[in-house]
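Colleague: One structure, as structure tokens, below. Some questions next.
The values are calculated or read from the model by the stated rules, or taken from the named source; none is laboratory data. In this text, all values refer to a predicted model and were calculated from it rather than measured experimentally. Because the Cβ atoms are built from the backbone with ideal geometry, glycine has one as well, and the counts that use them run over all protein chains shown.
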Amino acid sequence: MSIHQDFRLKSIWNLVWPQMLTMYSVVLTGLTAVWTAGQINADTQGALGMVNQCGFFLMVVVMAISSGATAAVSQSLGAGKEQRAKRYISVTIVGSFFLGVLLAALGYGHGRPVLSILMVPDAILPLAEKMWDLSMLALPAQHVYAATGVIFRATRLVIPPLWIALFINIINPFLCLGLGLGYFGFPTMGFAGLIISNIAAQSIGAFLHCLLLVRHGSLTIRHLPPIRWLHVGLPYLLKVAVPAGLASLVWQSGYLLLFVLVASLPKDGVTALAGLTAGLRIESLLFLPGMAVNSSIAVIVGNCLGAQREDEARRLSLLVTLITTMALSGLALAIWPFREDIAALFANDLETRSHIVSYLTYNLISTPFSIASTVMGGVMVGAGATQFNLAVYGGCAWFIRLPVGWLLGHKLWGTASGIFCAMLISQVVQTILMILVIKYAPWTKYTLQKIKRARQTETESNEKKEKSSAERTSQSTTI
């Protein structure tokens, strides 16, 4: 599992393209469900969007742990500490599974109060509640699938998960169309077929990921750390994971409230909700290359800082952010004329289509800002400085996006376009703040090596003080 200290742009690209294809495969899996739901009716599409967003919210803890694992594993490998990296891998995967089981047990049967708090329209509340209960069954596998995917990236093993994602992307549409719409001789199960398809996809992915990690030697029983190691190793994982978890919690809760703002609009709440659901999925096709770069730069920065090459980490952070932003902004420009055609693929209802076009209009304009801030967020994860992500992402979501969305969407414009415009405004501010963090904040001091060195220095200083105090006491006694 040792890695070569290769930090060239070509090396970064070799990490990016497999992850990009993997993420596209995962998103296509979700798009298939959204498209199938749209063929059933707008109510099913809107309810699925709300339940999916709740599912993302429940992934907050495992993604927090994964952020800690990215920093700990990549920095450990950069420093040549392979045994330590494998112990962090074992802790991450086992912990993710048990968290998934716990959340599934707590969530099952409690969908109605949660969805009611989120102001899901009464017309789709019973449907959303049934989707919620079924989706809880997927949580343990979903947690493991996500966590093991992060481990593959942190260890630079990016080709195996690509093949698995492509395999799942063949199975899932078959199941969605079969169980959801009754194709291929299957019984027509409607929304239940879509959820069952997702459970099958997540379970197969989690099993195959774990199997590959075992065969690679990265996941074995002997690498489960002893209790005494946990006392030493867990604090850094938690030091990165807690701010990352809070950032994800704040961000995902902000997105949930965004759904609430849309669902509670004075008019067209259900169709606007369906439009937001489809719009998010379509936007993700453009956004995912940025997420692939986010994951890759996190690993590269972690390796650089683990190898004590701070200047290289800073140079690559700025260069990769610039290149990625320019490339994906060009792609957004190419997509711009086809917004209405794309919307027509995902909704039969004309009102829903108009909301999809509105969403895409504002979010394609925001592409340079959303991509740049996403890549810079990956830099913070690799450095273990996730408290900056918490401050910037959380602050922009709660103090800009939601208040401005409420003001424009509910008071001034009275349409979903006001909420979508607020998303653009918050992305602009978020990007400006992340640039300031990259340029001026001391984000490189949060690495595992520097924290350990600081602790050693503090311990040595305390020992010297104790020794000096003892000598003075001895001299005083002698006198």
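Colleague: Identify the residue in the stretch 112-131 that is among the β-branched types (Val, Ile, Thr) and crowded, with 21+ Cβ neighbours inside 10 Å and, among all such residues, is modelled with the lowest pLDDT.
Modeller: Val120
Colleague: Within the stretch 173-205, can you find the residues that are over 20 Å from Asp133 (Cα atoms) and hydroxyl-bearing (Ser, Thr, Tyr)?
Modeller: Tyr183
Colleague: Since Met189 meets every condition but one in (1) in contact with a helix residue (DSSP H, G or I) (Cβ under 8 Å, 6 or more places away or on another chain); (2) surrounded by fewer than 21 Cβ atoms within 10 Å (Cβ to Cβ); (3) modelled with pLDDT of 85 or more; (4) not basic (Lys, Arg), which condition does it not meet?
Modeller: The one condition Met189 does not meet is (3).
Colleague: Residue under question is Ser96, and the condition is that it be closer than 30 Å to Phe152 by Cα, in contact with a Leu (Cβ under 8 Å, 6 or more places away or on another chain) and among the polar types (S, T, N, Q); does it hold?
Modeller: Against the criterion (closer than 30 Å to Phe152 by Cα, in contact with a Leu (Cβ under 8 Å, 6 or more places away or on another chain) and among the polar types (S, T, N, Q)), Ser96 does not qualify.
Colleague: Quick check on my filter: what residues within the stretch 334-388 are in a helix (DSSP H, G or I) and either of a type in the set (D, E, K, R) or free of Cβ contacts under 8 Å to residues at least 40 places away in the same chain (or both)?
Modeller: Once the filter is applied, which keeps residues that are in a helix (DSSP H, G or I) and either of a type in the set (D, E, K, R) or free of Cβ contacts under 8 Å to residues at least 40 places away in the same chain (or both), the stretch 334-388 yields Ala334, Trp336, Pro337, Phe338, Arg339, Glu340, Asp341, Ala344, Leu350, Glu351, Arg353, Val357.
Colleague: Could you pull out the residue among Ser366, Ser317, Ser354 that is at pLDDT 90 or above and hydroxyl-bearing (Ser, Thr, Tyr)?
Modeller: Ser366
Colleague: Taking Glu312, is it loosely packed, with under 13 Cβ neighbours inside 10 Å, assigned to a helix (DSSP H, G or I), touching a helix residue (DSSP H, G or I) at 6+ places or on another chain (Cβ under 8 Å) and acidic (Asp, Glu)?
Modeller: No; evaluated as a whole, the condition is false for this residue.
Colleague: To continue, here is another question. Only one of these is crowded, with 24+ Cβ neighbours inside 10 Å, modelled with pLDDT of 75 or more and over 30 Å from Gly384 (Cα atoms): Gln45, Gln39. Name it.
Modeller: Every option except Gln45 fails the conditions.
Colleague: Is it the case that Leu219 is farther than 20 Å from Ile65 by Cα and at pLDDT 75 or above?
Modeller: Against the criterion (farther than 20 Å from Ile65 by Cα and at pLDDT 75 or above), Leu219 does not qualify.
Colleague: Gly394 - would you say it is within 27 Å of Gly46 (Cα to Cα), assigned to a helix (DSSP H, G or I) and touching a Leu at 6+ places or on another chain (Cβ under 9 Å)?
Modeller: Criteria met by Gly394.
Colleague: What number of residues in the stretch 149-178 are in contact (Cβ under 8 Å) with a residue 40 or more places away in the chain, under 21 Å from Val34 (Cα atoms) and in contact with a helix residue (DSSP H, G or I) (Cβ under 6 Å, 6 or more places away or on another chain)?
Modeller: 8
Table: residues versus (1) in contact with a strand residue (DSSP E or B) (Cβ under 7 Å, 6 or more places away or on another chain); (2) at pLDDT 80 or above; (3) part of a helix (DSSP H, G or I).
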{"position": "Val27", "(1), (2), (3)": "no, no, yes"}
{"position": "Met63", "(1), (2), (3)": "no, no, yes"}
{"position": "Ser67", "(1), (2), (3)": "no, no, yes"}
{"position": "Gly80", "(1), (2), (3)": "no, no, no"}
{"position": "Ser96", "(1), (2), (3)": "no, yes, yes"}
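Colleague: Still on this structure, I have one more. For the stretch 112-127, give me the residue count where each residue is in contact (Cβ under 8 Å) with a residue 24 or more places away in the chain, closer than 18 Å to Ser253 by Cα and not in a loop (DSSP other than H, G, I, E, B).
Modeller: 2
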